[in-house]
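Student: Pasting a structure below so you can have a look.
Throughout, read-outs are computed from the coordinates displayed, never taken from laboratory work. Remember, predicted model here, so these are calculated numbers, not experimental data. All Cβ positions, glycine included, derive from the backbone under ideal geometry; neighbour counts span all protein chains shown.
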């Protein structure tokens, strides 16, 4: 006899996740937004945030993505390919820099589940420590070679 309950537990109940697709999610967030708000004041912050959101929406559209959600100074967008999401993140960072802001961006490429009108990145395994240390080494050498 084959026990299938393990697969149901791993994959989630049908009522929880209506659909699963391969996609790329882009998450962005402004660095030190509260500090910036205090420094520039409410009115200027509102204008700056509106400029940022307008530029981010424009870049997401340009790279054929779709904004799924916004929260404060962050956004969640979905793309059909990682390269588009990465290029979009770079363009959003450049636009933010032009407005005196810094953006953090994260990418999830893989299976995502639809939950209502939004998407959830499904958990994946953590890369082995040997990979993470190689990535840290490459990242530090890039910083040293590009002042």
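Student: Quick check: pseudo-label points 7 Å beyond the Cα along Cα→Cβ at residue 39 and residue 53, how many nm apart are they?
Tutor: So the two model labels end up 2.2 nm from each other.
Student: Another one. Multiply the residue separation of residue 90 and residue 19 by 0.36 nm, subtract the distance between their alpha-carbon atoms, and state the gained length in nm to one decimal.
Tutor: Taking 0.36 nm per residue and subtracting the Cα distance, the gain is 22.6 nm.
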